[in-house]
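Comments concern the structure below.
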Amino acid sequence: MLELGVLSLSDAQIRLGTGVRVSHGERLDEIVGHATLAERVGLDLFALGEHHTLDFAVSSPAVALAAIAARTSRIRLTSAVTVLPILDPVRLYQDFATLDLLSHGRAEIIAGRSAYAEPFEMFGEHLADADALFDEKLRLLLTLRAQERVTWRGRFRPPLTDAPITPRAEPGSLPVWVGVGGSPTSAERAGRLGLPMVLGYIGGPLSHARRAVDVYRAAGEQAGHPERLKVGISTHFYAAQSEQDARDVHPYYYEYLRPKTPGGRGFVVSPEAFADGMRRGNAIMIGTPAQLIEKILDAHQTLGLDRFYGQIDWGGLPREQVGESIHRFAEAVAPVVRAHTDTQPSPARG
């Protein structure tokens, strides 16, 4: 079975040709619209990122996903990723348990470490402690999910003594996945804990992604729970009307990834590098439906995928264009992928 979904990181870019940055309120309206459209056309998942800089519109995925939950009834709703090292796991569990109840069992968490320094500075954590923070808080989050009353002591948070953890998510719900950027250490931890893993696959050939997945599966098998392992990938995505349409979105892709300040974070993607990334066997999932079907099925065969997330709204792509891409994904790509993987759309819940 292969679940298919879309993902937004909520980047708030300068609109090409205008010099005007889209407002956070406008981006939130767009994101809710993309999510409700994804449900209407039959996709399985909607994922939303968390960031803490002016370049992004969403710092609290649970709040935005609650607005989406009120407008949908079937699609699963997940963070992508929750920046766990800077958060209090108790508050995080409560927020997503509330979302789970509001959505009748559709909430999920993808927990990650973050590639940004700003959240650590903002919330008073040390970037050098990122891995230790993540490890401790992930284990606490799993304990909170499993137990109604928790006694716990750790390094980074005040202790808990028979603390009542409320509200409770629906029984058997609120999956916790681990978001991995390719680090073998992160992949090994996810496998050792028997947690499902989502790999951010944004560059390079499939063989590079395969290395992280192999580490993950080996760790899970050695820990004794291979049956609990699941793998997903997320990647830059655009379902184009034609090959020319696919090439024409390069300016948006360039704008999304370019460094916004001298010496700042990001990288320049030339038209040649963009075209190379779109070729079969490479990461960028931008192309015609036929090309995307080929690439998704290749990834499924190579990595043993359980989930695929296409990041849909990057670089200031116009809302109408993103909507057309979602339609093509659901109506031209998904049926063929599902037929080849013996998959049916997710059933309604609640």
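Miscellaneous remarks
- Boolean, Gly304 is closer than 24 Å to Val81 by Cβ, of a type outside the set (D, E, K, R) and surrounded by fewer than 19 Cβ atoms within 10 Å (Cβ to Cβ): yes
- Residues that are touching a helix residue (DSSP H, G or I) at 6+ places or on another chain (Cβ under 8 Å), under 19 Å from Ala299 (Cβ atoms) and either in a helix (DSSP H, G or I) or not hydrophobic (A, V, I, L, M, F, W, C) (or both) within the stretch 208-231 comprise Ala209, Arg210, Arg211, Ala212, Val213, Val215, Tyr216, Arg217, listed in sequence order.
- Number of the exception - Val198 against (1) over 30 Å from Ala275 (Cβ atoms); (2) β-branched (Val, Ile, Thr); (3) outside any loop (DSSP other than H, G, I, E, B): (1)
- Only one of the numbered conditions (1) in a loop (DSSP other than H, G, I, E, B); (2) modelled with pLDDT of 95 or more; (3) over 17 Å from Leu133 (Cα atoms) is violated by Gly172, and that is (2).
- Qualifying positions in the stretch 95-111 - touching a Lys or Arg at 6+ places or on another chain (Cβ under 7 Å), in a loop (DSSP other than H, G, I, E, B) and of a type in the set (Gly, Ala, Ser): Gly105
- Only one of the listed residues (Gly194, Gly220, Gly181) is under 27 Å from Leu292 (Cα atoms) and out of contact with any Ser or Thr (no Cβ under 7 Å at 6 or more places or on another chain). That residue is Gly181.
- When residues of the stretch 139-190 are limited to those that are without any contact (Cβ under 8 Å) to a residue 40 or more places away in the chain and of a type in the set (S, T, N, Q), the one surrounded by the most Cβ atoms within 10 Å (Cβ to Cβ): Thr143
- Residues of the stretch 40-81 that turn out to be charged (D, E, K, R) and surrounded by 22 or more Cβ atoms within 10 Å (Cβ to Cβ), as a count: 3
- Filtering the stretch 55-94 to residues that are closer than 22 Å to Trp152 by Cα and in a helix (DSSP H, G or I) leaves Leu84, Pro85, Ile86, Pro89, Val90, Arg91, Leu92, Tyr93, Gln94.
- Cβ-Cβ distances below 8 Å connect the following pairs, each with a first residue in the stretch 194-214 that is β-branched (Val, Ile, Thr), a second residue that is surrounded by fewer than 19 Cβ atoms within 10 Å (Cβ to Cβ), and a separation of six or more residues or different chains: Val213/Gly304.
The values are calculated or read from the model by the stated rules, or taken from the named source; none is laboratory data. These numbers were taken from a predicted model, which means no experiment stands behind them. Every residue, glycine among them, receives a Cβ derived from its backbone with ideal geometry; neighbour counts consider all protein chains shown.
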